[in-house]
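Data block below; observations after.
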Amino acid sequence: MRQITLLLILLFNFSCTQSQESNIDPVKIEEDLNGILNSISYNYVYLQEKNVDLNCIREYYEALIPNIKSEEEIVLFFEYLLDEFYDSHVHLNTAYNSSFRLSSPVYVTAEEDKIIVSNVWQTQIKNLKYDIIGAELLMINEIDFDKAIEQFPTHCNDKKAINVKEWISNKILAGRYNQPRVLKLKLKNKSIIDFDLDKLEIREEENLLTVDEIDNIGIIRINNSLGKDEIINEFDNALDSLFNTKGLIIDLRNTVNGGDSYEARGIMSRFINQPKPYQRHSFMAKSEGNPDVERSWIEYVSPRKEQYKNPVLILVGRWTGSMGEGLAIGFEGMERGQVVGTEMERLAGEMYGFSFKHQSFGFRLSTAKLFHINGTPREKYVPTNYVKQTTTEKDETLEKGIELINKMTK
C-alpha cells in the first residue's frame, strides 16, 4: 500500500510539473519583458544615473525566454532583470525560496580590492560572539568572494565599478532564502574564522516601540513599525510620558522595512508649533516627442497636540530604511532635531507599484526623487553627527547621542 501511495505522489508531482511547464507561454513572457522595460524607461527616475544599457538588457533577457520552464523561473527572470539596476528599493512584490533576500544583518563596503565589514546590526543581534567590524570578507560557502561577485546573475551592469560591486556584495550576503551563508573572514587581528550568518539570532520585538529613560533623557525606539498606523497613538503615549525629560532620543536603527509618510508626519507633528517643510520631491514630467520638464514640490508637516520643546536627537544606521530615512532628514530639515549615526540604507526615491499584463505579481520602481530641505538627495545623506562603527562591544551611536544631549542641556 505504501509503494502505491508513493507512486501516486510521484505521478501527481510529475503531472503538476508537466502541467506547469505546459502553461509557460514564451509570447506572454516577452510581452511582459517589453512592458517592464517600457515602465523602467518611462518611469524609473534614476535610469540616467544608473547608466545601464536597456538594449543590453533586452537582448540578454530575450535570449533566456525559450529556456524558462516554470513559474519560479519566471519570477527569477524578472528579479534578476531588476537587479541589473543595483537598487535595493526596486524589486518584485513576490519571491521564491530561490530568490535573494532584501537585506542582511551585516553590511560590507568595497575598499580598493577588498570587501570589508563596516557595519553590524548590533541593536538586533542577540548572540554576536565576534567583533567582526573591519574584517575582510574572503569567501562565502567556500567560494572566493571575487568569484561570487562574478557569478552574481546580472550581466549588463559594470561589476568592477565600486558602487555596483558594493551593492552586489551586500546582495550576496543577503543570500538566497534556500541557501546557507557561511563566511570566511579575516579579522583585524589577522585570525581567520568561519562566520555563519544564519546562526545569528535576530531580536524580534513584540511592541511597536519601546520606551526607556537614562539620566533624565527619554529614549523611544521604533521597532520596525513605521508602516503601522497604530504607531501614532503609541508614540503619543510614549512622548507624553517623557514630557519632563531634559531631552529626547528617537532611535530609528530598526526601521529596515520603512513605512508611510502618515506615520512620519504624525511623529514629527508633535515637535513643531507651526507648519514646517521636511522634504522635497522631484520627478520629470514626460511628453512623447517633447522635452522632459521637472516638477518639484516641498512637503510640510503641520503641528498636532502638545509640543515637546526640549532637544531631540535621531539615531540612524544601515538598517534605517526608506521612511525611516525620510523621518531622520525631516527632523533635521525642520530644524527640530539632529541626526546621529552612520550612513542609512540609502533607499532611493519615492516608490510606485506597477503590474504585469500576464503575471499575478507586480514590481516597484522609484518614480520621484526625494531630497533633504537643504538639497541633498536622501540616498546620499550622511548624518551631521557621524559615528563610524568601530566595534560591536558597545553602542557607540547611543553613547554619542547621550553625550550630545548632555552638552545641549548644560
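Laboratory data are not the source of any read-out in this text; all were calculated from the coordinates shown. Note that the structure is a prediction, hence the values are computed from the model and not measured. Neighbour counts run over all protein chains shown; Cβ positions are idealised from the backbone, glycine included.
Principal axis analysis of the Cα atoms in the chain yields extents of 74, 60, 53 Å, listed in decreasing size.
For region 162-215, state which trypsin sites (Lys or Arg not before Pro) are in a DSSP loop and have at most 10 other beta carbons lying within 10 Å of their beta carbon.
Answer by residue number: Lys190.
Take the Cα of Asp229, go 7 Å toward its beta carbon, and the backbone nitrogen atoms of region 254-279 under 12 Å from that spot belong to 262-263.
Restricting the GluC sites (Glu not before Pro) of region 316-406 to loop positions (DSSP other than H, G, I, E, B) with no more than 16 neighbouring Cβ atoms within 10 Å leaves Glu335, Glu393.
Between Tyr130 and Gln274, the FRET efficiency from the beta-carbon distance, with R0 = 51 Å, is close to 0.55.
Over region 106-199, the reciprocal of the mean inverse Cα-Cα separation, the Kirkwood hydrodynamic radius, stands at 13.6 Å. Taking the Cα atoms only, what angle lies between the long axis of helix 71-83 and the longest principal axis of the chain, rounded to 10 degrees? Computed tilt is about 50 degrees. If you plug the beta carbon distance of Glu205 and Leu54 into 1/(1 + (r/R0)^6) with R0 = 30 Å, you get a FRET efficiency near 0.10. Viscosity 1.002 mPa s, temperature 20 °C: give me the Stokes-Einstein translational D for region 262-410 in µm²/s, with Rh taken as the Kirkwood radius over C-alpha pairs. The Stokes-Einstein estimate is 125 µm²/s.
For region 95-142, the set of GluC sites (Glu not before Pro) satisfying both a DSSP loop assignment and a count of at most 10 other C-beta atoms within 10 Å is given as Glu112, Glu142. For the residue pairs Lys276/Lys369; Lys159/Lys186; Lys228/Lys276, alpha carbon separations are all held to 27 Å or less.
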